[in-house]
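Everything below concerns the one structure shown next.
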Amino acid sequence: MKELNEEYQKQNEQIIKKNDELKELHQQLKDKADELEKQRIKAVELTKVKSEFLASMSHELRTPLISILGLTELLIKDGSVVVKAKDRLNIVHRNGKRLLSLITNILEFSKFESGKIEVKKESFLLNDTLEEIYPNIHQITSEKNLELHFDMEKNSSVLLNTDRSKLEQVLINLLVNAVKFTEVGSVQLGIKLINGSDIEFSVTDTGIGISEENKKIIFSEFKQVDGSASRKYGGAGLGLAICKKYVELLGGTLSLQSTLGEGSRFYFVLPEAVLDVVEIKEHQFLTITDPEKEKRLTKSILIINDNSDSQKLIGDYLASYDYDVIITSNSDDGLKLAKEKLPYAVIFNPFINEGNLWSFIPSMKSYSETRYIPIVLTIIVEEEKVGWEPGVFDFIIEKINFNEFNELISKVESHFEKNIRKIVFVDTNHDEYEAFKKSFGDTFDVAIISSSTDVNKKIRNEQPHLVIIDITTFMEQSLQIIYDISQDRLLKNVPVILKLPKLLTHDQVERLNIKFKEIALTVKSHPMDVLKVLRDRLKIDDDVTNRKNNLIEEVYTNEQKNYHLKSENNKDSKPTILIVDDNNDALFTIGEFVKEMNCNTIFAHNGMECLLTLNHVEPDLIFLDIMMPQMDGFETIKQIRKEKKFENIPVIALTAYAMLDNKEVIEKNGFNDLVTKPINSQVLASKLKKYLKAKVG
Ligand code: ADP
């Protein structure tokens with residue numbers, strides 16, 4: 001027993017020892033794992049930082065290039081430029097374009113890495129896309145004397161449901177490559193339907209071909225077959241990598257067949273992308289034109305903006321409220337026009353290429369006639385479909401002129417219908433503040449904030465009626481302060497005045513613009529939201545209130561008579577579609593389409609009528625125009641969704657602006673879907689089918 005016990009003791013000790021060893025090993029492993037995890041987190045962070053840097057840099061690179069290209073193009077077209085100079089300009093232009101496409105690819109690629117790419121499904125006719133691509137490719141094939149074939153049926157087209165712009169980019173990339181690497185023969189785009197729901201695209205060329213070995217690498221990023229410095233063909237080797245990723249995002253795989261010296265064929269199948277094959281009738285694309293409008297308001301508004309999309313968006317919106325819209329793309333002309341026409345307001349996009357906001361404002365303020373014209377900033381980042389309206393009520397120019405200041409105060413008081421007692425200055429110029437206090441100390445309660453920490457909190461503590469921010473004090477941070485004020489529950493209704501020096505340096509302007517953009521991207525409000533703020537700032541609503549009231553009465557009496565009839569008629573099982581559009585032509589055409597789909601139609605000319613109609617009938621679906629006078633689509637849908645019983649009615653937005661085609665915005669506002677004008681009957685039909693399921697044939 002004793003021996004056994006001793007043996008047992010010994011074994012036990014060994015076990016304890018082994019156990020300790022194991023514990024130590026375990027600890028070591030844990031340390032290693034921790035270390036690895038730390039390294040992993042660091043690597044992830046680094047990749048993210050890199051991608052973000054790349055994304056923002058590429059964007060910064062593109063902006064100047066666009067003006068370089070634009071101006072070169074103008075010079076090439078300019079009759080007074082001598083031929084020799086034109087030859088040189090052509091080279092500048094060609095190389096600029098090459099650089100632009102490289103940068104675009106890098107930008108695209110970095111978006112993948114930072115996970116910012118999203119797939120946007122939409123319904124469209126394939127022929128429309130092909131017709132857009134064809135002329136560009138045709139131009140480069142004819143320069144090289146190559147034949148070009150597009151498999152495109154004249155009398156029918158495929159109605160697809162996929163991400164149109166991504167598909168377009170893939171096809172363009174493959175076609176451009178095919179042309180680039182082919183010296184004689186042809187380039188062909190093939191299209192084949194499979195099982196009625198899948199579709200295959202192929203791009204075939206008779207060019208140099210790709211070797212077995214190279215087939216393995218060309219889909220990887222930054223890889224080109226010829227890696228030598230003096231390569232014959234330009235490019236960064238990103239095109240195919242992007243195509244491959246895009247095709248995968250769309251549910252397919254990009255494949256390649258190629259024989260060296262004979263040619264290549266790139267192909268992919270998009271599964272379940274086909275909605276329908278439709279016959280193309282003549283005149284099926286309708287352009288909806290504005291009807292003649294009676295002039296109800298004669299106010300003019302000046303828009304200074306050089307982006308044609310947002311010009312049109314803002315211009316059309318204001319025109320829908322019957323303002324005369326004057327548009328110019330540079331601030332010098334803007335100033336001339338302002339003096340000449342004395343508009344009701346100026347709407348300024350700070351990103352214009354010619355001239356700048358910060359010299360425009362002091363000039364406007366230095367003339368007595370233009371001094372009182374409101375200047376509203378609209379920051380719209382077209383490519384991201386977002387915008388921001390900083391809500392700055394007015395501007396004053398250093399040094400404060402006390403007479404003008406008095407006038408400004410009365411303007412603020414009448415606009416906001418309140419008395420201004422307490423004013424906060426965000427300013428480091430104590431001299432000016434003291435002078436101000438001396439003159440106005442009796443009239444106003446004034447406070448100054450001159451350190452940059454917790455500015456917002458400090459403002460909140462003061463509970464001011466007005467905030468005056470000197471932009472030179474915190475420069476771009478001022479914009480952040482303005483934004484924070486607008487987001488603060490207690491401060492958001494406090495008017496903000498921006499104090500400016502006579503001139504800002506180029507560098508300062510750049511910094512402000514970058515900040516503008518940054519905020520617009522973070523607030524993620526939509527260009528349409530910008531218009532809503534604009535409407536409040538200009539009190540556009542007030543102008544139409546009277547008309548609106550009249551209209552309600554008018555509609556009520558007219559429509560009440562009709563509803564009884566309509567609901568009687570409605571006893572059949574046909575679905576009822578309510579179409580809301582201020583344009584009679586649009587109402588008529590959409591109505592015709594909808595009737596053809598075996599549905600009943602009811603019309604309303606604006607949001608107000610739409611809501612009134614809903615008191616009497618419950619439609620199965622609503623088509624709602626976004627831009628309408630009196631009450632726009634956004635306001636209307638808000639009212640519709642407030643009612644429990646209307647919660648589930650599908651509402652499809654109608655708009656003529658590609659810029660509004662943003663899924664997030666559509667959903668955020670309560671719409672189910674969106675159809676862009678000009679209205680395409682196939683798209684309309686497919687939407688009806690989708691939302692009414694079995695009810696339509
Ligand atoms: P890049 O953007 O530089 O054109 P891509 O990723 O589009 O890069 O292409 C990578 C490489 O694949 C090209 O440099 C070329 O060598 C090869 N390649 C692409 N398309 C073809 C083609 N149709 N025929 C022959 N080679 C091709």
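Among the listed pairs LYS120/LYS689; LYS458/LYS515; LYS385/LYS642; LYS458/LYS642, a Cα-Cα separation exceeding 29 Å is found for LYS458/LYS642. Treating r as the C-beta distance of LEU490 and GLU262 and R0 as 60 Å, the FRET efficiency rounds to 0.25. Treating each Cα of the stretch 475-519 as an identical point scatterer and ignoring solvent, apply the Debye formula and state log10 I(q)/I(0) at q = 0.21, 0.25, 0.31, 0.34 Å⁻¹. Computed log10 I(q)/I(0) values: -0.75, -0.93, -1.12, -1.20. Using Cβ point charges alone (K and R +1, D and E -1), the dipole size of the chain about the Cα centre works out to roughly 560 debye. Per-residue Karplus couplings for the stretch 264-274, computed as 6.51 cos²θ - 1.76 cosθ + 1.60 with θ equal to phi - 60°, are listed in order as 9, 9, 9, 8, 7, 10, 9, x, 6, 9, 8 Hz, Gly and Pro entered as x. Here the accessible area is traced with a 1.4 Å probe on the protein chains. For the chain, carbon and sulfur cover 50 percent of it.
Placing a label point 7 Å from the Cα of LEU521 along the Cα-to-Cβ line, the residues of the stretch 371-390 whose backbone N sits under 13 Å from it are 381-387.
Each stretch of four or more DSSP H residues adds -39500 (n - 2.57); spread over every residue of the chain, this sum gives -16500 deg cm²/dmol at 222 nm. Among all the lysines, which ones have a C-alpha under 19 Å from LYS30's C-alpha, if same-chain residues fewer than 8 places away are not counted? Here the lysines satisfying the reach criterion relative to LYS30 are LYS18, LYS38, LYS42.
Potential lengthening of the chain between LYS17 and LEU65 amounts to 10.1 nm, from the contour at 0.36 nm per residue minus the alpha-carbon distance. Size descriptor for the stretch 1-128, Kirkwood hydrodynamic radius: 21.6 Å (Cα pairs only, one decimal).
Charge tally around GLU45: other residues with Cβ under 15 Å, Lys/Arg +1 each, Asp/Glu -1 each, net +2.
Summary of the geometry: the stretch 9-53 and the stretch 254-278, compared by the centres of their Cα atoms, lie 49 Å apart. In the context of the full set of protein chains, residues of the chain present 53 Å² of accessible surface per residue (probe radius 1.4 Å, heavy atoms only). Taking all protein chains together and a 1.4 Å probe, the residues THR182, THR472 rank THR472, THR182 from largest to smallest accessible area. Note on the chain: Cα-Cα pairs beyond 41 Å make up 47% of the total pair count.
Would you list which lysines come within 18 Å of LYS418, measuring only between C-alpha atoms, while excluding same-chain residues fewer than 8 positions from it? Partners within reach: LYS492, LYS539. Shown is the FRET efficiency for ASN584 and ASP431, computed with R0 = 51 Å from the Cβ-Cβ distance and rounded to the nearest 0.05: 0.25.
Quick one: go through the stretch 382-417 and flag any residue whose amide nitrogen is under 18 Å from the point 7 Å out along the Cα-to-Cβ line of THR443. Hits in the stretch 382-417 for THR443 at 18 Å: 394-417. For ASP484, the shell of other residues with beta-carbons less than 14 Å away shows a net charge of +2, using +1 for Lys and Arg and -1 for Asp and Glu.
The values are calculated or read from the model by the stated rules, or taken from the named source; none is laboratory data. A quick note: this is a predicted structure, and the numbers were derived from the prediction, not measured. Here the Cβ is made from the backbone with ideal geometry for all residues, glycine too, and neighbour counts use every protein chain on show. These area figures cover heavy atoms from the full protein model, side chains too; ligands, DNA and RNA do not enter into them. Shrake-Rupley method; radii C 1.70, N 1.55, O 1.52, S 1.80 Å.
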